[in-house]
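Student: Sharing a structure with you now.
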Amino acid sequence: MYLRSGVSSVFLVLQAAGWTPVRRPLVLTQCCRTMASQNLSLPPPAPLLQPLSVPDRLLLGPGPSNCPPRILSAGCRQLIGHVHKEMIQIMDEIKLGIQYAFQTQNPLTLAVSGTGHCAMEAAFLNMVEQGDKVLIAMNGFWGERATGIAKRLGADVHQLVKAPGECFTLEEIEKGLVTHAPFLFFITHGESSTGVLQPLDGLGELCHRYNCLLLVDAVASLGGAPILMDQQGIDILYSGSQKVLNAPPGASPISFSQRARKKIYSRKTKPISFYLDMEELAQYWGCNDQPRKYHHTAPINTFFCLREGLAILAEKGLENSWKLHKENSLDLCAGLQKLGLQLFVKEPDARLPTVNTVFVPEGYDWKEITDYIMKRHGIEISGGLGASAGKVDIVSGQLMRNKLRCLKTGLSGFQQKAKHFVNILFLHKPGFYYLSFVCESR
């Protein structure tokens, strides 16, 4: 009653002031249906009306790797605004974590909002202009991919080629620099398609002697094998979040030296991608001592996960992480050889600790092996990529760092044309779990 009388009083006051109510036309109920509802031709997809179903698997391929609970928990945090002061603080912490992991003081250090592939494209997009001469070291799949990206940008691309499973010497690289006189040299530190670890000592100095910038792919090696960006004279270095850092894919560390930064800021043309333009991203990440400038909406929860992956690495310490991966790889390779398997990379020092490769036993199809292990045991191991496809099986040595646990796998001694498959045998050692395989009749 009070509400009605109050409304009536207000109406009378408005009417006295000359206000005239506007009468709305009567709209029939049957006309209230929207045009969109009248034109729907597709029903809701049946699978989306069911709960999400994701299997629990042990990922022992070249990546991604399983996330520990701490990182999974970070990814489940509630969103905050991408320009909130708390988010800016997290981005600053990520930048510090990348500088530690890369061992660099480069101001232009950040995480690209994308996977390792996106970081690779960002490196080339910002460095290469039409007609620039680029030399690519190719001993596996990632040299092939780098070649394709550089060619799309109109670069004058040359290749330095070695057989899969082998790394490059400084003498071979110097010969390529002398022959082709490139402004940029690309090489993969951890070639995950073949399991090769490329030595980097002396390489930056060599490139600079020939006025060449050094671009290094460390997607599969960061945190698992030594890499020292400033000391080794690396000009552009990038990695991924989903390997040793144990975070979901989607945020990729990248850093540029002062030499590389000078090239970026003296380009004749703008990079063809605004999203990956480092001049723009530098302002977004606060890399140039200027007020931050909006660029894009960051993958907020992915950044939470990357921050925690970098924090775990910092807590453990780089040297401890390198040592642990090396020890685990040595034990794994020794076990694989005892089972009668042949390692793909012949030279022990050239074996990538995070990704171990073995020849597929004669008489077996690699896909048959990996499918069986996945179906029977819920474990992923992978086949090769590019030139190594069908020749090798890839077994990860990447650490799942929860409670300093390392999960390793070995593949059992298949005999030619023998109808055996694998059965998992868990061998325990203080602080670690080891996985190996023994034969079982089909």
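The values are calculated or read from the model by the stated rules, or taken from the named source; none is laboratory data. Quantities reported herein were computed from a predicted structural model and do not represent experimental measurements. Cβ: placed from backbone, ideal geometry, glycine included. Neighbour counts: every protein chain shown. The protein model used for the area step is the full one, side chains on, heavy atoms only, and it has no ligands, DNA or RNA in it. Shrake-Rupley method; radii C 1.70, N 1.55, O 1.52, S 1.80 Å.
Student: Among T104, T109, which is the only one that is in contact with a helix residue (DSSP H, G or I) (Cβ under 9 Å, 6 or more places away or on another chain) and buried (at least 23 other Cβ atoms within 10 Å of the Cβ)?
Tutor: T109
Student: Related question: Residue under question is A220, and the condition is that it be under 13 Å from S65 (Cα atoms) and touching a strand residue (DSSP E or B) at 6+ places or on another chain (Cβ under 8 Å); does it hold?
Tutor: Considered against the rule, which asks whether it is under 13 Å from S65 (Cα atoms) and touching a strand residue (DSSP E or B) at 6+ places or on another chain (Cβ under 8 Å), A220 comes out as yes.
Student: Checking the condition in contact (Cβ under 8 Å) with a residue 60 or more places away in the chain, touching a Cys at 6+ places or on another chain (Cβ under 8 Å) and either not assigned by the TED database to the domain that holds Q103 or not small (G, A, S) (or both), which residue from L237, L332, L245, L276 passes?
Tutor: L276 is the lone residue from the list that is in contact (Cβ under 8 Å) with a residue 60 or more places away in the chain, touching a Cys at 6+ places or on another chain (Cβ under 8 Å) and either not assigned by the TED database to the domain that holds Q103 or not small (G, A, S) (or both).
Student: If you don't mind, another one. Restricted to segment 293-322, and to residues that are surrounded by 15 or more Cβ atoms within 10 Å (Cβ to Cβ) and among the charged types (D, E, K, R), which residue is farthest from I94 (Cα to Cα)?
Tutor: That would be K316.
Student: Going through segment 135-158 one residue at a time, which ones are under 15 Å from Q198 (Cβ atoms) and open to solvent by 40 Å² or more (accessible area, probe 1.4 Å)?
Tutor: Result: W142, single match.
Student: Scan segment 344-364 for residues that are in contact (Cβ under 8 Å) with a residue 60 or more places away in the chain, surrounded by 13 or more Cβ atoms within 10 Å (Cβ to Cβ) and not in a helix (DSSP H, G or I) and report the count.
Tutor: Total satisfying the criteria: 9.
Student: Follow-up question, since we're still on this one. Can you work out which of the residues in segment 193-216 that are open to solvent by less than 10 Å² (accessible area, probe 1.4 Å) and touching a residue at least 60 places away in the same chain (Cβ under 8 Å) is farthest from W322 (Cα to Cα)?
Tutor: C212
Student: Say whether the condition of being under 18 Å from L184 (Cα atoms) and either among the aliphatic types (A, V, I, L, M) or not in a loop (DSSP other than H, G, I, E, B) (or both) is met by at least one residue in segment 283-300.
Tutor: For segment 283-300, residues under 18 Å from L184 (Cα atoms) and either among the aliphatic types (A, V, I, L, M) or not in a loop (DSSP other than H, G, I, E, B) (or both): absent.
Student: Pairs under 9 Å by beta carbon, first residue assigned to a loop (DSSP other than H, G, I, E, B) in segment 161-172, partner exposed (fewer than 12 other Cβ atoms within 10 Å of the Cβ) and of a type in the set (K, R), six or more apart or different chains?
Tutor: Within 9 Å, the pairs are G165/K346; E166/K346.
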